[in-house]
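K.L.:
My questions all concern the structure below.
The values are calculated or read from the model by the stated rules, or taken from the named source; none is laboratory data. Computed from a prediction, not measured in an experiment: that's the story for all the values here. Counting neighbours? That spans all protein chains shown, and the Cβs are built from the backbone with ideal geometry, glycine included.
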Amino acid sequence: MPLRCLLALVGGLVLAAAFAPVGLAWLMPPAIAALVFSVRGLAPRRAWIPSLLFGVVFVFTVMVWMRAVGTDAWIAMCALEAAFFVPLGLGLSWSLRTPAWPLWTALWWVGIETWRSGFPFSGMPFGRLVYATADTPWADALPWIGMTGVSLLVALTGTTLAWLLLHLRDIGRRAYAVPAALAVVTVAPVLVPFHVDESGTTTVAAVQGDVPGTGLDVVAVHRDVTANHVRLTQELAEAVAAGDRPRPDFVVWPENSTAVDPFTDTEVHADIVAASDAIGVPVLVGAMANDPLDDTQVLNQGVVYQPGLGSGDRYTKRHPVPYGEYIPFRGSLIPSTYGKLRMVPRDMARGTSLEPLRVADVLVADAICFDVAYDEGIGGQVARGAQLVTVQTSNAMFSRTGQLAQQFEISRLRAQETGRWVVVAAINGISGVVRPDGEVVASVPARGQEVMVETIGLSDTLTPAVRLGVWPARLALVFLVCHTITVLVAYRRRRRRDRAVEATVEQGGPA
């Protein structure tokens, strides 16, 4: 057991190195294989131990950026996420006893990954295998099989590697058909990429205004932040008038470009209207707005400001961050005055709409910060007609951590999954414009202050991944439930049979 635990610890650390900012994606298969070897041969009552150790090292390392919120928050969140590796250990132990165990073990990984990505409190999707696949052949499969499918493909590569290492000496030629078929499936999307038809173009400006001072606390300097975005937009208008820069069809400001309600704060409202009127095109503003239905709640929104008209369509963030933007069971579990929870005086309400925004006659799928890590939001809006994707994000609190790179990689992968251009507007890093093949055509580094103006392709083509929607994830969860029930029923029958045999022996009958 000590060697198994050591192997699990090393495997978890190796898997974390596959993610940005280290980004060694090829380490994922050997890391998964290490987990398989650490669990193989153990009974379920012991298999959870190395699996948990693997999860602890992996989760605490890959999400070390949560320390920016607070060490207590980092420990609490990562401990909860690591706990999901206990049922994973049980599932791996059950699966490794079956003939087709590379497939079943990979499905268990993806099922648990899906579970923790949505539960509790909307889950934490960071650390999904697919989020480390940018610039790899795996990512080319995204428009075909989606995020869950690519995670399965990566996991299956790791479990098949474990199978090959176990049977390297005694397998025949026919057995090599399994890894050969996996290799074909992995490489095929590279050779036969999904074709996206371009239905038109639009010119988009993305503004990164930066946060004065340390760059970490937007709220403390929120009026300066808004002023930066107003000034850069007005300077863009002057450059357009002088013929130095092309006129955009619309402008994107990041999340928290105003940290107060622009509909009640007359100064901020006037500044935004002035910027929109100066450039003469709509501005998609990231705003914190009061909930008109409940004054104890706040809305994190992308608001379309039309020149000369004021506000138009709005998108409301679908996945507020628990204990960061709202406090679950406020006052009943953890006092709302504890630590940095004092900084969350009002809960952020959850958005529900999947209708794309209409900005300058273009249908736009919007995502705000952590929304980009969840499958149903962007995909749901694209399925309803969105022609491009915008990601409005702040991330100022994490501006000195690897979270910025991890989230930007997810935005790149969303471009490949949906077959859409993606425009990322960050308040102080990383902003960028991404083609549907994941290539970054323009970017602004963290703490940069700049306006990008790029011509963006539009498309109405729906990828198979968008058509599949969240069904692959749902099927992964169904597999967990069905496999668990099957194992428990088999165990109960075996126990009944064993008791019947024991009773027969005690009565003097044949064993």
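K.L.:
Of Gln406, Gln416, which residue is crowded, with 23+ Cβ neighbours inside 10 Å, within 21 Å of the chain's Cα centre (by Cα) and not in a strand (DSSP E or B)? Reasoning before the result, please.
P.N.:
Working: Gln406 fails: crowded, with 23+ Cβ neighbours inside 10 Å.
Of the residues listed, the single one that is crowded, with 23+ Cβ neighbours inside 10 Å, within 21 Å of the chain's Cα centre (by Cα) and not in a strand (DSSP E or B) is Gln416.
K.L.:
Mind telling me which of the residues Val422, Val441, Val481, Val487 ends up being surrounded by 15 or more Cβ atoms within 10 Å (Cβ to Cβ) and at pLDDT 95 or above? I'd like the intermediate steps shown before the answer.
P.N.:
Working: Val441 fails: surrounded by 15 or more Cβ atoms within 10 Å (Cβ to Cβ); Val481 fails: surrounded by 15 or more Cβ atoms within 10 Å (Cβ to Cβ); Val487 fails: at pLDDT 95 or above.
One residue alone meets the criteria, Val422.
K.L.:
Going by what's in this entry, would Ala490 be described as out of contact with any Phe, Trp or Tyr (no Cβ under 6 Å at 6 or more places or on another chain) and part of a helix (DSSP H, G or I)?
P.N.:
Yes; evaluated as a whole, the condition is true for this residue.
K.L.:
Given the criteria within 30 Å of the chain's Cα centre (by Cα) and either closer than 30 Å to Ala162 by Cβ or at pLDDT below 90 (or both), does Thr203 qualify?
P.N.:
Details: within 30 Å of the chain's Cα centre (by Cα): yes; either closer than 30 Å to Ala162 by Cβ or at pLDDT below 90 (or both): no.
Judged against the criteria, Thr203 is not a match.
K.L.:
As an exercise: evaluate Ala396 against (1) over 24 Å from Thr136 (Cβ atoms); (2) among the hydrophobic types (A, V, I, L, M, F, W, C); (3) under 14 Å from the mean Cα position of the chain (by Cα) and give the number of the one condition it does not meet.
P.N.:
The number of the failed condition is (3).
K.L.:
Quick one: count up the residues across the range 89-114 that are among the aromatic types (Phe, Trp, Tyr) and either in contact with an Asp or Glu (Cβ under 9 Å, 6 or more places away or on another chain) or farther than 18 Å from Ile485 by Cβ (or both). Steps first, answer last, please.
P.N.:
Applying the first criterion (among the aromatic types (Phe, Trp, Tyr)) to the range 89-114 yields 94, 101, 104, 108-109.
Still in the list and also either in contact with an Asp or Glu (Cβ under 9 Å, 6 or more places away or on another chain) or farther than 18 Å from Ile485 by Cβ (or both): 101, 109.
Within the range 89-114, residues that are among the aromatic types (Phe, Trp, Tyr) and either in contact with an Asp or Glu (Cβ under 9 Å, 6 or more places away or on another chain) or farther than 18 Å from Ile485 by Cβ (or both) number 2.
K.L.:
Conditions: (1) surrounded by fewer than 18 Cβ atoms within 10 Å (Cβ to Cβ); (2) at pLDDT 95 or above; (3) under 23 Å from Ile378 (Cα atoms); (4) not aliphatic (A, V, I, L, M). Asp244 meets all but one. Number of the miss?
P.N.:
If we test Asp244 against (1) surrounded by fewer than 18 Cβ atoms within 10 Å (Cβ to Cβ); (2) at pLDDT 95 or above; (3) under 23 Å from Ile378 (Cα atoms); (4) not aliphatic (A, V, I, L, M), just (3) comes out false.
K.L.:
All but one of (1) loosely packed, with under 15 Cβ neighbours inside 10 Å; (2) modelled with pLDDT of 90 or more hold for Leu363; which doesn't?
P.N.:
Checking Leu363 against (1) loosely packed, with under 15 Cβ neighbours inside 10 Å; (2) modelled with pLDDT of 90 or more, the one that fails is (1).
K.L.:
Name the residues in the range 108-156 that are of a type in the set (S, T, N, Q) and surrounded by fewer than 23 Cβ atoms within 10 Å (Cβ to Cβ), would you? So that I can check it myself, show each step before the final result.
P.N.:
We begin by selecting, within the range 108-156, every residue of a type in the set (S, T, N, Q); these are 114, 117, 122, 133, 136, 148, 151.
Listed by number, the residues that qualify are Ser122, Thr136.
K.L.:
Could you grab me the full set of residues in the range 117-147 that are more than 12 Å from the chain's Cα centre (by Cα) and among the charged types (D, E, K, R)?
P.N.:
Asp135, Asp140
K.L.:
Hey, among Val207, Val268, Val251, which residue is over 30 Å from Trp144 (Cα atoms), surrounded by fewer than 24 Cβ atoms within 10 Å (Cβ to Cβ) and in contact with a Pro (Cβ under 8 Å, 6 or more places away or on another chain)? Full working, then the answer.
P.N.:
Numbers: Val207 fails: surrounded by fewer than 24 Cβ atoms within 10 Å (Cβ to Cβ); Val251 fails: surrounded by fewer than 24 Cβ atoms within 10 Å (Cβ to Cβ).
After ruling out the rest, the residue left standing is Val268.
K.L.:
With the condition kept exactly as written, say whether any residue in the range 457-467 is without any contact (Cβ under 8 Å) to a residue 60 or more places away in the chain and within 30 Å of Gly91 (Cβ to Cβ). It would help to see each step written out before you state the result.
P.N.:
First, the residues of the range 457-467 that are without any contact (Cβ under 8 Å) to a residue 60 or more places away in the chain: none.
Scanning the range 457-467, I find no residue that is without any contact (Cβ under 8 Å) to a residue 60 or more places away in the chain and within 30 Å of Gly91 (Cβ to Cβ), so the answer is no.
K.L.:
Are any residues in the range 25-40 over 11 Å from Leu92 (Cβ atoms) and more than 18 Å from the chain's Cα centre (by Cα), and if so, which ones? Working first, answer last.
P.N.:
Start the filter on the range 25-40 by keeping residues that are over 11 Å from Leu92 (Cβ atoms), which leaves 25-31, 33-34.
Hits for the range 25-40 are Trp26, Leu27, Pro29, Pro30, Ala31, Ala33, Ala34.
K.L.:
So if I check each of Arg467, Arg447, Arg494, which one is exposed (fewer than 13 other Cβ atoms within 10 Å of the Cβ) and modelled with pLDDT of 85 or more?
P.N.:
Working: Arg447 fails: exposed (fewer than 13 other Cβ atoms within 10 Å of the Cβ); Arg494 fails: modelled with pLDDT of 85 or more.
Going through Arg467, Arg447, Arg494 in turn, the sole match is Arg467.
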